[in-house]
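Data first, discussion second: the structure below is written as structure tokens.
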Amino acid sequence: MQAKVLPHITQSLTCLWSSQAWPEPLDIALDNLGTALDVDRVRLWQVQQTSGYSHNWLSLLAAWPKSPLEASALALVSPLASFSHWLSRLQAGHSLQARVGELSTAEQQWFQELGIASVLVMPVNIGAGLGAILTLEYTQQEYYWPEETVNLLYHFTQPLGVALHYHQTKQLSYAPPAQPYDQRLVQLAQRKPLHHGNLELALQDISRTAAQTLEVERTGIWFYSTQRQQVRCIILYQSSQDQFSQGLELAAADYPDYFAALQEQRTIAAHQAELDPRTHEFAPHYLRPLGITSMLDAPIWVEGEMIGVVCHEHIGPPRQWTIGEQQFAAAIADLVSLAIESRDRHQALADLQASEERLQCFFQATTEAVVFHEHGRIVDLNQAAERMFGYSSQELIGTSVLDLADASSRELIRQRLQEPSDQLIEAVGRKKTGETFIGELQGRAIRYQGRAMRVVSLRDITQRKQAEIELRLADQREKLLGEIALRIRQSLELEDILSTTVLEVRQSLHVDRVFIAYLDGTAQQAQTVAAAISTEWQAGIEAIFQDPDYLQTLFSLGDCPQAWTCQTDHEPTAPVLARYHIQSTLAVPIPQTVNVRYPTQHLPPKVVLVLHQCAGPRDWKIFEWQLLEQLATQVAIALQQASLYQQLAALNANLEYQVQERTQQLEQKMLELAELNRLKDVFLHAVSHDLRTPVMGTLMVLNHLLPADETTAPVTVPRHIWSRMISSHNRQLTLIDSLLDIHTSEDNGLSLQQIPQALDQLIENTLADLVLLLDKNQTHLDNAVPTDLPLIWIDPGQLQRVFENLITNALKHNPPGLKLSLRARVVESEATSSQPMVLCTVQDNGLGIHPEQQEHLFDLYYQGKQSRHLRGIGLGLYLCRQIVQAHGGEIGVISTPDQGATFWLTLPIYQAAN
């Protein structure tokens, strides 16, 4: 399409610029365009603008084809008030398309008046704005123009606007330009460089001709940079030297007035350049150094955008530019635009031709058949498609794609035509010779020559499908063997193996019945151990293996497979088979490599695999015989493995019993050792924990009495200190005796020596032993135990150990400066409401105890997180609980982290009557 249209566009543009008899060149250009695009009508409308979009009018400038109706339409004006949104898009440089079925009621009415079914509207810029529109029309069909066609038409409408502007300005000028100007423009328009795409030669020719015609020293052509921050001189012609140069760059931001004027004016005629407000910015750095006094500049517009400027610079006395010279300069700028458009057209044409050549090369070189069709009618195809079907392209173009499909696939192809899809499908094709083949085809929607079509690629996969069928059959055979072998490896249960065998055989070979039977030749009996039977052929199964004639048939089987059929009259088995509706049967002996014990505890002489075909006669194929022989071998292996598994299972059962017996004996010994080890640990922990406190007290007294050096006088030791030390060591001995008692009476509990005792006196004795330890830890002690409490029934030595442990634990697990308070009161016992108890509390304001630690605080060997850096093994509180519970009381703790802890215990009151 592009290759067809581009030459006509070039020819039309050449006609616009080379002919003098205006407007005949315009009619010729529209004629060439309409013929190339194969449209019904081409019209050029002039936009008449007054005071806004609501007052825009269209007047017909030219039309193709010429007819009496069109001749009258030349005088017709059409309102565009309801099409303001169209005009906005056109003024922005965008084309638009419309089909009458997609328009509003008002727009449809205007289209019907103009006889338009579908239209493509192209903007035509004249000067710096929209001056005309070009419409390409279909009167009967609704059509959509492809994007590549629209892009090509821009190469026509832009030069067309330049030509219209040139002729309009020539008609509106106050005085006609001098004849040499027209002759020079015509000569430039007819030269080859302008139309052959060689931009450099064209610009050199234009700049030299313009400088010589206007008799100026310098003519330069400047282009904006990509970012529009600078303008660069592409061509500079100097008349006095007849030389070309380039490369000078100017920053656009330094000359804002000049470039703003170019956007608004067709030409800038600066008679005195230094004084003209549009060009005075060039004076210090450009005009004066070069001696330029007058400038005549015209902007270069391409596709509605100013891309550069043509500068004519006069050196000498200031020059008054005439209207003819100004129009000539504007026309020169338009020729530069035309040269750029020509360069772009030729480049686009070259790219298009190269693209089409590559596409054609790919189209013909591919080994796949490719067919283009429009609603099922073949439009084009490649050589591979010709070879595939045996037709030539001339024979197939215009025919239906259904003619290439076999009758079995035509409905599928017809559905695909009605509901197009890109999904891959398989269908049967028919060649010219009548031969059929299996094809794989896939289609995609495309736009070709402005029409919606589908391109379909086809591949002959007949050989692949045949190979797939053969491979599938071979795979089924291998699969059957593989499944059985896998079952043998994964399972050692004979029943599962045999059941899988008969099921896989029936499904793979599509037979009605499959059996594995044990034959007892001595008793002339048979029993099925595995069977797979179709639902409709399950009746009478028991009777088959009880029929003596059928059993005799099986017993006559040798070491090779054998087949029988009821259609063979001379075979003695035919009546037997017919009796049980067996059309064909195949029996294969299973070799026995080991002695397999039959369920009835005797060795069967023969194991057979039997197949029945009941629905109809069957000719057993060679591969089926071979397959069943291989299966028989696999079943024999299963029997052998089952025998070995039974033996191994018996050995394993005996070994497991022995291992279990030895394991129980070892576990009992381990429990005994663990108990002995626990008793040892209890003894060691008690000694290390309970003997430490008295030793520490003694050491503190000795350290206090030790002189600082040998010269120091001996320290007199008061008698009460010696008495305290003797008492402490006596208590140590008592503790050791008590620990031994605990150890020897673990099962019977602690042995107590209870006497009536005042609690306050017991507390005083305990605190007296701990006074040095309390002072060392800077402990503030509040002993608030009342002196009028009733006597308690306790073992004083054991209970003193309890209070010592509670107080020393509080000191060890809290920083110095701790506050301790001791309280006691009479409470009712929860266990026995008739017997009151004394409740004692030891409270501190220390770090407290976490809830998860409180649960295990009185367990043996338990140590909290705060004791990880302290000596101790977690025995003290355990002993406290044992002692308190031995007295018939209870002990516990109440604590909140960072708010201290309160240990409480209850003790029985002494009652003289008891």
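What the table shows:
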| read-out | value |
| --- | --- |
| Highest to lowest packing among 643-656, 209-222, 281-294, scored as the average C-beta count within 10 Å | 209-222, 281-294, 643-656 |
| Residue 108-residue 190 FRET efficiency (beta carbon distance; Förster radius 45 Å; 0.05 resolution) | 0.45 |
| Highest average packing first - 324-331, 795-802, 470-477, Cβ atoms within 10 Å | 324-331, 795-802, 470-477 |
| Whole-number percent relative contact order across the range 298-428, with pairs defined as alpha carbons under 8 Å at least 6 apart | 14 percent |
| Candidate aspartates and glutamates - alpha carbon under 14 Å from residue 621, same-chain residues fewer than 8 apart omitted | 629 |
| Extension gain from residue 375 to residue 347, taking 0.36 nm per residue of separation minus the Cα-Cα distance | 6.5 nm |
| Calculated log₁₀ intensity ratio I(q)/I(0) where the Debye formula runs over C-alpha points of the range 180-344, q = 0.15 Å⁻¹ | -0.76 |
| Share of alpha-carbon pairs per 10 Å distance bin for the range 750-908, given as whole % | 10, 41, 37, 11, 0 |
| Nearest-0.05 FRET efficiency for residue 147 and residue 368, computed from C-beta distance (R0 22 Å) | 0.20 |
| Net length gained if the chain between residue 896 and residue 768 were fully extended (0.36 nm per residue, minus Cα distance) | 43.1 nm |
| Mean Cα-pair separation over length for the range 190-292, i.e. relative contact order, pairs under 8 Å, 6 or more apart, % | 15 percent |
| Cβ-Cβ FRET estimate between residue 755 and residue 781, R0 fixed at 25 Å, reported to 0.05 | 0.45 |
| Extension gain (nm, one decimal) between residue 96 and residue 417, 0.36 nm per residue minus Cα-Cα | 112.5 nm |
| Neighbour cut-off at most 14 other Cβ (10 Å), DSSP loop, GluC sites (Glu not before Pro), the range 758-857 | 830, 855 |
| Exceeding the 20 Å Cα-Cα cut-off - candidates 776/812; 431/465; 479/606 | 479/606 |
| Distance between the range 306-320 and the range 180-240 - C-alpha centres, whole angstrom | 13 Å |
| Mean Cα-pair separation over length for the range 750-908, i.e. relative contact order, pairs under 8 Å, 6 or more apart, % | 24 percent |
| Rough spin-label spacing in nm, given labels placed 7 Å along Cα→Cβ, for residue 495 and residue 655 | 2.6 nm |
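Bear in mind these aren't lab numbers, they're just calculated from the coordinates by the rules spelled out. As the structure is a computational prediction, the values presented were derived from the model and not from experiment. Please note: Cβ atoms are built from the backbone with ideal geometry, for glycine as well, and neighbour counts cover all protein chains shown.
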